[in-house]
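Read the structure below first, then the notes.
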Amino acid sequence: MPKGTGETRRYLAVGLDCYLCLLVVGLLVHSCLGQAHWGAGRTAALLVGHLAVLSFANQVLLTMAVRASAGKLIMGVRVIRLPDAGRPEFRRLVLRWLYGLFWLPLQPWHRLRRGAAAEPPPRERLGGGPRTPPDTDLAGVRQVHRSDLRYYRDAVEACGTG
């Protein structure tokens, strides 16, 4: 099984995804508004709607097609299904997108409320499942280097034909 990527590469890919999404949505909303003077509520609704659609397309649909979002493509990272290193299916990718959209942004708040505890609580899966390795997310996928995935496939193919 290919090893996971480092945290720095994953965070850079997430940062690129956020930047690209905000840039494209900003340009779309600016072009949609044009000379019209909409209220702040309609503009905010248009912005949130575009962000949700583009985020879904990038994180779910593009990842289904090429195993990576735009930021991950730039950083040379691919998303694989565990335990067989296959292509993640739609359900897992939607779960992963929702997890990133709703659970991850609340983590700083939870850390502030928890305070400086002597020992952090163990990281568990939703539903009380077993603790996940640090390079695996709650949807059961892993982010790996593109080259590691290629070497893994070559090794599996060589074992199967040899």
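Things to note:
Quick grid of which residues meet (1) under 30 Å from Ser147 (Cβ atoms); (2) out of contact with any strand residue (DSSP E or B) (no Cβ under 7 Å at 6 or more places or on another chain); (3) surrounded by 14 or more Cβ atoms within 10 Å (Cβ to Cβ):
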| site | (1), (2), (3) |
| --- | --- |
| Asp17 | yes, yes, yes |
| Cys21 | yes, yes, yes |
| Leu51 | no, yes, yes |
| Gln59 | yes, yes, yes |
| Ala65 | yes, yes, no |
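- So Trp103, is it surrounded by fewer than 16 Cβ atoms within 10 Å (Cβ to Cβ), in contact with a Leu (Cβ under 9 Å, 6 or more places away or on another chain) and not in a helix (DSSP H, G or I): no
- Residue pairs meeting the criteria (Cβ under 9 Å; at least 6 apart or on separate chains; first within 24 Å of Ala65 (Cα to Cα), in the range 94-110; second open to solvent by less than 70 Å² (accessible area, probe 1.4 Å) and acidic (Asp, Glu)): Arg96/Asp137; Tyr99/Asp137; Gly100/Asp137
The values are calculated or read from the model by the stated rules, or taken from the named source; none is laboratory data. Given the structure is predicted, the values throughout are model-derived calculations rather than measurements. Cβ coordinates were reconstructed from backbone atoms using ideal geometry, including for glycine residues, and neighbour counts include every protein chain displayed. Calculation scope for accessible area: heavy atoms of the full protein, side chains included, ligands and nucleic acids excluded. Shrake-Rupley method; radii C 1.70, N 1.55, O 1.52, S 1.80 Å.
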